[in-house]
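Have a look at the structure below, then the notes.
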Number of protein chains: 4
Amino acid sequence: MKYDGIITPMLTPFKQDGSVDLDGTDRLVEYLKGIGVSGLFPLGSTGLFPYLFSEERVNYLQHVNDIKGDLKVFAGIGSSNTEECVKFGRNAADIGCDILVLMPTYYIHPSHDEIYRHFSIVLDKVDRDFFIYNIPQLSGEFIPIDVIAKLKEEYSHVVGVKESSGDMRYFSKLLPLSGKNFSIFNGQDDLLLPSIALGADGGVCGLSNFNPLIVKVYQEYRNGEMQKAQETQMKVNTLMRAINASNFPSGYYHAFYHKMGMQGGYRAPMLEPSDEAKRLIEQALEES
Amino acid sequence: MKYDGIITPMLTPFKQDGSVDLDGTDRLVEYLKGIGVSGLFPLGSTGLFPYLFSEERVNYLQHVNDIKGDLKVFAGIGSSNTEECVKFGRNAADIGCDILVLMPTYYIHPSHDEIYRHFSIVLDKVDRDFFIYNIPQLSGEFIPIDVIAKLKEEYSHVVGVKESSGDMRYFSKLLPLSGKNFSIFNGQDDLLLPSIALGADGGVCGLSNFNPLIVKVYQEYRNGEMQKAQETQMKVNTLMRAINASNFPSGYYHAFYHKMGMQGGYRAPMLEPSDEAKRLIEQALEES
Amino acid sequence: MKYDGIITPMLTPFKQDGSVDLDGTDRLVEYLKGIGVSGLFPLGSTGLFPYLFSEERVNYLQHVNDIKGDLKVFAGIGSSNTEECVKFGRNAADIGCDILVLMPTYYIHPSHDEIYRHFSIVLDKVDRDFFIYNIPQLSGEFIPIDVIAKLKEEYSHVVGVKESSGDMRYFSKLLPLSGKNFSIFNGQDDLLLPSIALGADGGVCGLSNFNPLIVKVYQEYRNGEMQKAQETQMKVNTLMRAINASNFPSGYYHAFYHKMGMQGGYRAPMLEPSDEAKRLIEQALEES
Amino acid sequence: MKYDGIITPMLTPFKQDGSVDLDGTDRLVEYLKGIGVSGLFPLGSTGLFPYLFSEERVNYLQHVNDIKGDLKVFAGIGSSNTEECVKFGRNAADIGCDILVLMPTYYIHPSHDEIYRHFSIVLDKVDRDFFIYNIPQLSGEFIPIDVIAKLKEEYSHVVGVKESSGDMRYFSKLLPLSGKNFSIFNGQDDLLLPSIALGADGGVCGLSNFNPLIVKVYQEYRNGEMQKAQETQMKVNTLMRAINASNFPSGYYHAFYHKMGMQGGYRAPMLEPSDEAKRLIEQALEES
């Protein structure tokens, strides 16, 4: 099975006391069903998985999977602890999530061989489609291209990569791996058009949590409307800069809450954007 | 109360199946009681806290506190989740640990205000002496000096800093905070002598897990034997380079197991050092 | 006037004693006239301008301009010394070079205002079309986007940017500046297709010194042959990795000398690639 | 011959039109003769050598050597061009400068072997005492420790290192090279005390251009007054932070001009510090 299109790295709506908001999640998923994305990615970085307790993660994944409808669920199973990834992976597979998204352990910097060891332990113990998740600016390490190639070759249930480094040169080295049963997604909204122009299969795009423009870039490109796609991508980039005026990912949260007219919360230590940042975000949303 | 001397950031001995080895821990603490360190720091980076499940951490801390004898216990309570730090902090305080060592949340990069928010939440909820732990190469962020100064001013139970960045220029900016009730420790063995020469109160020194040389540097300096201290520090640095020939912290584990004649284990994803690295480590131990 | 297409950042052929080889330069320009590039860029980074004495630079530029034929000459006028840039700029204008390519001063890190001061001094004193050259990995500093925008607005003879950082996110922020009288070029061969897909006007591509594939990427894209352009870009990337197996820019020099059957030299401190690197380069040339 | 003490990396006084001010230089050298430094280092980074034309450099060195009195002259001979270093080196030797200070070529990043090639070419051709100058934050590259060790072994006229990276861990790896005929200097004022506590022979300290405190640190340490040395070093650090409030090295220039009551200039692209920065600098000078 080959995956493509735009996947949403879902933020995790919070109540004002900081607890997980399942009603808000229903509204988010409802919104996403209407804008043409092909999958939901709960418990990624935008979803602030490291801020949640294990039990919260398990419950949240169950809830998202229950309401997914026709969308695929890409379940984030990251942890700084390999055996906990196994535990999260088995749970996500039991729930029925379609794809598991696994990153290297973080905080301690693993060697290349330790990155391989981590992935192979989880892949050996959990039988479900996997995406490899590269996000060195948060996890601390680039996954070497040859480790990805080796995992792809050894494990037929490794079916893709989500590459979020923002480094197009690294990204372009992954593209030769794309094929019938292997998908390459770029995880940075502002790099969607250059990535698919190079042959990427799709994008994991945070702005889709509250705005459909990035889906339009994808569709315009697939329709051969290059000029339109360029123009829409430039609008996306303007929006993205406003959202990132506040420390990641708080701008995404404000934009979503604002769009939905919700009084959402900010799980500690995340802080609500400043008034000035909120103004910039709201203005950018209006103009996009 | 003012803390000084050498603290050991304890590695967590593992059995060959990767489980925590409490007997090995007894041997480690026994060793440490004999070499002149003034405190035990379990569940720091060398102790691989991010690789342990919550229950393992709680049990381990209880065990170390039970056998500490006259040594102070500096309990690592780090997590990527602020509320989990509160939970770990309360538990460590209940157990009777002397000092709690708290770092910023990691993976997601907090802003300066978010770093402050994190610390103040935990400090408000847990009543015990605290050390602030700066280790940007793992946590992803330097704690701004002014945030440390503000926390010190606002919370009388903030009693010190463990500074492990390896950046002496940042470190030297902390030293004016040292005082009657506030201690500054450098967390890099090879920087002990320059740090105490600048006025630091002590060091958190990983090599003390299996070698007493770094304690000797401290004692020689305190005795006014500068020339000797320089020579001993140079020997420490040679040893440290050998230990770090293998990816951090696996060299520390091999050195300890080797010294104790144990067949210890390597919790995943950590890998045993290569034969060549083991040879270098063993040779350096012999020559030190 | 609007510039587009592929520009060659010319290497500077050397004789075996390290002196500049004008005959080799003739052969290089002859080659470039046959592969469809639209301009020559002597005395850029690939041309090792910092290794040449002032007099050598002046003579070389004169020679290249004499033999340029229908090609435009983009003359590198970089120096660590602003007034020397003025001197080189006036000389290049006198010679009749079409465009002057100016970077910030390097070694000492200028502030944003100092970068602006540097450019404005040279632009005030030299009346000729200019390209701004961003190459932070060598010069030490990104040129802030707003400095580029300001220079474009204030000086009508600023007609474009050569952006060689390799950072597509920075690059994409430049694209809104592209227009009737302002061109944006990417200076990294492996980023050509993503760049022109985003709206760039062309590329400054080192591989064109000895291989026409990168010109083909440009032409295929302009002909609307996206699939072909992707495939050709992938071949370019494979070639580029082989060339960069040796420390920049020695691989470019070996590839050129090998292609031309010349016994060229390596100006100190540049060293000839190792035998293994040469083998990889020759093999990649053959397969491309 | 063994070198020690404090060396001043001289700024190059400028007139208001940006030309080199030899009278100002006389006043600077006069000042330096009175504060206990042991050498003058013209044409280093603080001296902005990359902003000067070749002729200016040659004249300036001649002038400084003429007025040096009992002080040693360490002549900066850095360039991005190896053969130009030879030229500058021969000239400085002819003039009678005592020591030549050589860094790797910059802008283009040399490989380790190319760094070695550069040094060996200059060392082979110029017969005079040399210091190796490591300043990776400007030159772009750390000089590998083993390259330094090899040069020391092969060339008896390599007599020391000026290490300005600010990285104490790198610095401490150099110290085993210190010996009867080989000196190790740290080039960062705020690291003087930790460096000499580790065994360094001296410092190359920019603040001595206008303030004697750093010389006092050295003398107090040599007199065994550790506590005093710590306190003086802390004052130095406070002063240094104020000076660096403005982009390097403009704060050094303002501090010198202010101290001397001169209306000095700022060679382009350097800009005069802002009014706020000047106020901070002047206040720090007063309080030091």
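List of remarks:
- Among B:Val64, B:Val29, B:Val147: highest mean-square fluctuation, GNM of chain B, C-alpha pairs under 10 Å: B:Val147
- Within the protein assembly as shown, DSSP assigns beta bridges of which about 5% are antiparallel (rounded to the nearest 5).
- DSSP bridge orientation in chain D - percent antiparallel, rounded to nearest 5: 5
- Under 17 Å of direct C-alpha separation, and excluding same-chain neighbours fewer than eight residues apart, A:Lys173 reaches these aspartates and glutamates: A:Glu141, A:Asp146, A:Glu153, A:Glu163, A:Asp201, C:Asp167, C:Asp189, C:Asp190, C:Glu231.
- Sequence of A:Met168, D:Met240, B:Met103, A:Met260 once ranked by neighbouring C-beta atoms within 10 Å, starting from the fewest: A:Met260, D:Met240, A:Met168, B:Met103
- For the residues A:Ala268, A:Ala200, A:Ala245, a GNM of chain A with alpha-carbon springs under 10 Å puts the largest fluctuation on A:Ala268.
- For segment C:85-201, the Kirkwood hydrodynamic radius from C-alpha pairs, put into Stokes-Einstein at 37 °C and a viscosity of 0.692 mPa s, yields a diffusion coefficient of 228 µm² per second.
- With R₀ set to 41 Å, the beta-carbon distance separating A:Asp146 from D:Tyr170 gives a calculated FRET efficiency near 0.85.
- For the residue pairs C:Lys2/C:Lys259; A:Lys72/C:Lys228; D:Lys72/D:Lys162, the alpha carbons lie more than 24 Å apart in C:Lys2/C:Lys259; A:Lys72/C:Lys228.
- Remark: relative contact order (segment A:7-104) = 27 percent; criterion is Cα-Cα distance under 8 angstrom and separation of 6 or more residues.
- Dipole magnitude (debye, nearest 20) for segment A:5-225, charges at Cβ of Lys, Arg, Asp, Glu: 340
- Nonlocal amide H pairs with B:Val73, under 5 Å, H built at 1.01 Å: B:Leu40, B:Asp98, B:Ile99
- When the alpha carbon coordinates of segment B:5-225 are projected onto the principal axes, the ranges are 45, 42, 27 Å, largest first.
- Shape class for the protein assembly as shown, computed from the alpha carbon gyration tensor (a ≥ b ≥ c): oblate, with a/c not under 1.5 and a/b at or below b/c.
- Within a Gaussian network of chain A (alpha carbon springs, distance under 10 Å), most fluctuating of A:Asp21, A:Asp201, A:Asp275: A:Asp275
- Expected 222 nm ellipticity per residue - DSSP helices of 4 or more, -39500 (n - 2.57), all of the protein assembly as shown, to 500: -14000 deg cm²/dmol
- For a straight C-alpha distance cut-off of 17 angstrom, the lysines reachable from A:Lys68 (same-chain residues fewer than eight places away being disregarded) are A:Lys33.
- Put the Cα centre of segment B:196-250 next to the Cα centre of segment C:1-34 and the gap is 56 Å.
- For segment C:66-75, 3J(HN,Hα) per residue [Karplus equation, 6.51 cos²θ - 1.76 cosθ + 1.60, θ = phi - 60°, Hz, x = Gly/Pro]: 5, 10, 5, x, 7, 7, 6, 10, 9, 9
- 7 Å along Cα→Cβ, label-point gaps from C:Ser54 to other copies, nm, shortest first: 0.8, 7.1, 7.1
Each reported figure results from applying straightforward, stated rules to the coordinates on display, with no laboratory input. Source: prediction; values computed, not measured. As a convention, Cβ positions derive from the backbone with ideal geometry for all residues, glycine included, and neighbour counts pool all protein chains shown.
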